1. Under 9 Å from the Cβ of R180, count the other residues' Cβ atoms, weight Lys and Arg +1, Asp and Glu -1, and hand me the total.
2. For E126, what accessible surface area do you get with a 1.4 Å probe? Give it in Å², rounded to 10.
3. Which percent, to the nearest 5, of DSSP beta bridges fully inside the range 267-342 are antiparallel?
4. For the range 287-384, what's the relative contact order in percent, using C-alpha pairs closer than 8 Å and at least 6 residues apart?
Amino acid sequence: MIGTWAVGGAFVPGARGRRAFTTVIPCLWVLGALCWELLTPHDTEVVPLLAAAPAIACASSGRRRCILLLGGASMLFALGPPSTLEPDGDVEEPHASLVSCGAILAVVVASYLTNGRRLRLVRELEQLRAVAAAAQDAVLRPLPARLDGIEMAAGYLSASRGAAVGGDLYEVLATAHGVRVIIGDARGHGLGAIGTVAAVLGSFREAAHDEPELTDVMRRLDRALQRHLHERALGDPPAGEEPRTPVAEEFVTVLLLEVGADGELAALNCGHPWPYLLSEEATGGPRAHRLDLGEVLPPLGPFALPDHLSAARGAPLQPGATLVLHTDGAEDARDAHGTFFELGPALVKAAGTGPIVPAAVVDRVRSAVLRHTGGRLADDVALLALRNETKTG
C-alpha cells in the first residue's frame, strides 16, 4: 500500500466548499445590484453593474452554463419594466436599457470565448498531469499491501509543489533470497533528482533478484550510479537542476535490508539513517527505538566501496513488530521556530493501541509532519513501514 502526497496538494479538504462558494459569488453580485437599485433613489443607475456578473462567473466558477444563465438574467432585468426597478415609477430612457443590454451582451460573448480557451488549457493540463503521474508511478511504483508475510505501507511528501516524487527512493521486492528492501536519498530534492533515483531503483530491481548477497547488490547499485553520473556529466543538465554541477558533489544514501523467512534481518548501510523498531508491548503501549545494526559506510558516489564488504546481522523481526524506514527529511523537518520534528515520539503516538497497522502509522506521521511544518517542507520525506504478520506458534 502506498500513499503519495505533494505539498501543493496537501491542503485540499475544502476544495468542494470553495467550488460551491465561487459558484454563488456571481449570483450574490446580481442580487446585490438589484437590491441596491430598488432601495436607492431613482437617479442612481445600478443596473449596468449587472454586466460584471458574467465576467465574475467566468473568473470564479468557469462554467459556461453559469455565464449564459447570468448573462440572460441580467439582460432581462435591464430590459424589464421601469416599475420593477424604480420605486417611484420614473421612466428610464429606452436607449439606456439598450446600452446596458449591449454591455452585458459584449461581456457575455467575451467571457464565453475566454472560458472556451480556458477549458482547452485545463484539458491539456489534465493530460500532462496524467502523463506525469504515469511517469512518476514508473519511477516510484505503488507497493502491494502484503508481500511474503510482510504487511507494508509507504508514503511520500515532495518538497516540490505539484510533484509526487523527488530525491527520495524506496522499493520492496520478494526474491528467492528473502524480502529485500531499499530506501535512499539522492542529493537535492524535487524534480532535479529524479534521474538519479530512477538509475538507482532500476539497478536495484534487477540486482535484488540476481545477486544472492546484499554486498553484491550494493556493488551493482554503486556501478549503476557511477555510470549515471558519468553520462550526465557528458550531457546537458536535467530539468530543474543547475548547470555544470560537479559530479564529485553528487551522492546517494542507501539502506539495504533483507528479511528472511523466519524474520532474520541483514542490512548494509551507506550513509542513511537506521530505521525505528516499533514493538507491541503487553503493558504500557507500543515502544519505538532506533535499530542500530553496526557500521555505517559513506554514501554512494564520492567514495569507492571498500574491497571487503559484509552485511550486518540483527535480531529477527518478531511477529507483530514493525520496522519504520525513513529519509532524513522526516527528522530534519522544522516548524516556524526552527524546532526539529521528533520522529520517535510521533511513531509511538501513531501506533496507537492494539495491533500496529502500517498504513495508519504512515498516514498519521505524514499528517504530524505537515502540521509541524505548516506544509512548508525544505526536503522530501519518505516513510516505509514493514510489519511482520507471521503468526506465532
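The values are calculated or read from the model by the stated rules, or taken from the named source; none is laboratory data. Because the structure is predicted, anything quoted here is derived from the model rather than measured. Note: ideal-geometry Cβ built from the backbone for every residue, glycine included; neighbour counts use all protein chains shown. Note: areas computed on protein heavy atoms with side chains; ligands, DNA, RNA excluded. Shrake-Rupley method; radii C 1.70, N 1.55, O 1.52, S 1.80 Å.
1. On the way: positive: none; negative: E171, E258.
Taking every Cβ under 9 Å from that of R180, the sum is -2.
2. Approximately 110 Å² of E126 is accessible to the 1.4 Å probe.
3. Values: 9 of 11 bridges.
Percentage antiparallel, nearest 5: 80.
4. Details: 80 pairs, mean separation 32.6, N = 98.
Dividing the mean separation by the residue count of the range 287-384 yields 33 percent.
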